[in-house]
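Worksheet: the structure to be examined is printed underneath.
The values are calculated or read from the model by the stated rules, or taken from the named source; none is laboratory data. This is a predicted model, so every value here is computed, not measured. Glycine also receives a Cβ, built like all others from the backbone with ideal geometry; neighbour counts cover every protein chain displayed. These area figures cover heavy atoms from the full protein model, side chains too; ligands, DNA and RNA do not enter into them. Shrake-Rupley method; radii C 1.70, N 1.55, O 1.52, S 1.80 Å.
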Amino acid sequence: MSQYRTFTAQDAVDYAKQFGGLDNPSSLVEAQEVGDGNLNLVFKIFDAEGVSRIIVKQALPYVRCVGESWPLTLDRARLEAQTLVEHYQHSPQHTVKIHHYDPELAVMVMEDLSSHKIWRGELISGAYYPQASRQLGEYLAHTLFHTSDFYLHPHAKKAQVAKYINPEMCEITEDLFFNDPYQIHERNNYPAELEADVSALRNDDRLKIAVASLKHRFFSQAEALLHGDIHSGSIFVAQDSLKAIDAEFGYYGPIGFDIGTAIGNLLLNFCGLPGHLGIRDAAAAREQRLTDIQELWNTFAERFQALAREKTRDAALSAPGYASEFLKKVWTDAVGFCGTELIRRSVGLSHVADIDTIADEAMCHECLRHAITLGRALIVIADRIDSAEELVARVRQYS
């Protein structure tokens, strides 16, 4: 901590020259700070030709979108780097490569993804990447299976759980997902026109019991090393390529949380599309989102079960049919966590551009209301939704 200093653009250039692993580091001449998230500084490092060659990312000792009044651990840089390194071992084609990280400076150097685009922006603009949902399912299957009890020896698994304890970042998730939206809180952020809808959440005992159960599972089920924040803004896409980034929330938790977060963000796009395209023109894009959700889950489940058949090391867990039974529980968890993502992105501190950038205020409010209604429904009836196809049917019912 004593060596920590906040990087300037020149600091980032100098650091990239030293640790970027480039054949010609002296070609690096300029940095541009491009971080648009809530937590970090992100520098693109350019060569003399104006080509972005490498990324330098530094954690700040506070929540960037709030300021120094919300201090935050710098250890999250270590946890992010180690999570991405671990995930890269199991899914190198779908995980950003980390070249170097320094826990004292809370800095990491990673591959440049300028050939890719952030998936959220592409979804909003209507650009379609037909492989993306299946590749995301592959990424989740490989990273979650290989860090779970199915694959790891019990001693190794317990050591991994200890290594990835991430209490401060988990507390943010616990508050933003499971606490704030269901009470009056200064961090909540929603239009006054939605007060009746939000008040209904606070007064819905059935909903709050279901959310409490989800929070308890988030607390207690160390099933695999999660990305912890796998939304469409944490994913880069290109034709035939998908890469996950930004894993500072990585920790050992319930597998359904990563699945549910990913599906929830596809549904947030589903809810917001009429505000960008108009109700009639949004119909085809919305159907594509529903197809994406089915492809994501079905790819994940098929690949996870195949890995379980091939690689499960525990004698009991290798029993024929057990992996399939386990995934039924994962799916139910995922549906519930998906619902909490919809609500927290509509009511809580951190919203998404899929809805917040809708120009027409009344339509924006209607899309937010839709996300809240759908989120509540998925949370309370999660145990009655047996498949991705049934989820799609329920989404249509509430649309």
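If you place +1 on the Cβ of every Lys and Arg, -1 on the Cβ of every Asp and Glu, and leave all else neutral, what size is the dipole of the chain about its Cα centre, to the nearest 20 Debye?
Values: 38 positive and 55 negative charges, 189 e Å.
In debye, rounded to 20, the chain gives about 900.
Under the rule a/c < 1.5 gives rounded, and otherwise a/b versus b/c splits prolate from oblate, where does the range 50-182 land using the Cα gyration tensor?
rounded
Just in the range 84-160: which chymotrypsin sites (Phe, Trp or Tyr not before Pro) are loop by DSSP and have at most 15 other Cβ atoms within 10 Å?
TYR128
Under a plain spin-label model, where a point goes 7 Å from the Cα along Cα-to-Cβ, how far apart in nm are TRP70 and ILE184?
Inter-label distance under the simple model: 2.1 nm.
Points 7 angstrom from Cα along the Cβ direction at GLN221 and ILE381: gap in nanometres?
Distance between the two pseudo-spin positions: 2.1 nm.
For ARG202, what accessible area in Å² do you get when you roll a 1.4 Å probe over the heavy atoms of the protein chains, rounding to the nearest 10?
The accessible area of ARG202 comes to roughly 40 Å².
Report the extension gain between GLU171 and ALA284 in nm, rounded to one decimal, defined as 0.36 nm multiplied by the number of residues separating them, less their alpha carbon distance. Kindly include the intermediate steps, with their values, before the conclusion.
Details: separation 113, 0.36 × 113 = 40.68 nm, distance 3.85 nm.
Taking GLU171 through ALA284 to full extension adds about 36.8 nm, to one decimal.
So the label point goes 7 Å from the Cα of ALA162 along Cα→C-beta, right? Which residues of the range 209-245 then have their backbone N under 20 Å from it?
The answer is 220-226.
Using alpha carbon centroids, what distance separates the range 115-157 and the range 187-257, in Å?
The range 115-157 and the range 187-257 have Cα centres separated by 16 Å.
Based on the alpha-carbon gyration tensor of the range 192-311 and its eigenvalue square roots a ≥ b ≥ c, which shape applies: rounded if a/c is under 1.5, prolate if not and a/b is larger than b/c, or oblate? Walk me through the intermediate numbers first.
Numbers: a/c = 1.94, a/b = 1.11, b/c = 1.75.
Since a/c reaches 1.5 but b/c is at least a/b, the shape of the range 192-311 is classed as oblate.
Counting only helical runs of four or more DSSP H residues, what would the 222 nm mean residue ellipticity of the chain come to if each run contributes -39,500 (n - 2.57) and the total is spread over all its residues? If you can, show how the numbers build up before the last one.
Working: 14 runs with 206 residues, N = 399.
It comes out at -17000 deg cm²/dmol, rounded to the nearest 500.
Can you give the charge dipole size of the range 179-225 about its Cα centre, rounded to the nearest 20 debye, using +1 on the beta carbon of Lys and Arg and -1 on the beta carbon of Asp and Glu? If you can, show how the numbers build up before the last one.
Details: 6 positive and 8 negative charges, 56 e Å.
In debye, rounded to 20, the range 179-225 gives about 260.
What is the spin-label model distance, in nm, from ALA127 to ARG206 if the labels are put 7 Å beyond Cα along the C-beta direction?
4.3
With only Lys, Arg, Asp and Glu charged, each at its Cβ (+1 for the first two, -1 for the last two), find how big the charge dipole of the range 1-113 is about the Cα centre; round to the nearest 20 debye.
Charge dipole, the range 1-113, about its Cα centre: 200 debye, nearest 20.
Taking a probe of 1.4 Å, how large is the accessible area per residue of the chain, in Å²? It would help to have the intermediate numbers written out before the result.
Values: 16290 Å² over 399 residues.
Result: 41 Å² of accessible area for each residue.
Suppose the chain between ASN24 and LEU277 were pulled fully straight at 0.36 nm per residue; how much longer would it get relative to their current alpha carbon spacing?
Here the answer is 86.5 nm.
Taking 51 Å as R0, compute the FRET efficiency from the Cβ-Cβ separation of SER114 and SER318 and round it to 0.05.
Details: r = 43 Å, r/R0 = 0.85.
It comes to 0.75.
Counting alpha carbon pairs within less than 8 Å and at least 6 residues apart, what relative contact order, in whole percent, applies to the chain? Don't jump to the answer; show the numbers that get you there.
Values: 706 pairs, mean separation 67.2, N = 399.
Contact order relative to length: 17 percent.
So if R0 is 25 Å, what FRET efficiency would ALA192 and ASP360 give, r being the distance between their Cβ atoms, rounded to the nearest 0.05?
It comes to 0.90.
Mind running the shape call on the range 352-399? Use the C-alpha gyration tensor, a ≥ b ≥ c as the square roots of the eigenvalues: rounded below 1.5 for a/c, prolate if a/b tops b/c, oblate otherwise.
Note, shape of the range 352-399 comes out prolate.
If each residue of separation counts as 0.36 nm, what is the full-extension length gain between VAL51 and VAL85 once their alpha-carbon separation is subtracted?
The span from VAL51 to VAL85 would gain 9.7 nm if fully extended.
Filter LYS57/LYS208; LYS117/LYS329; LYS97/LYS157; LYS97/LYS311 down to the pairs with a C-alpha to C-alpha distance above 29 Å, please.
With Cα atoms farther than 29 Å apart: LYS57/LYS208; LYS117/LYS329.
Tell me which of PRO167, THR147, LEU123 sits at the most positive position along the dipole axis of the range 107-177, charges placed on C-beta atoms (Lys, Arg +1; Asp, Glu -1).
THR147
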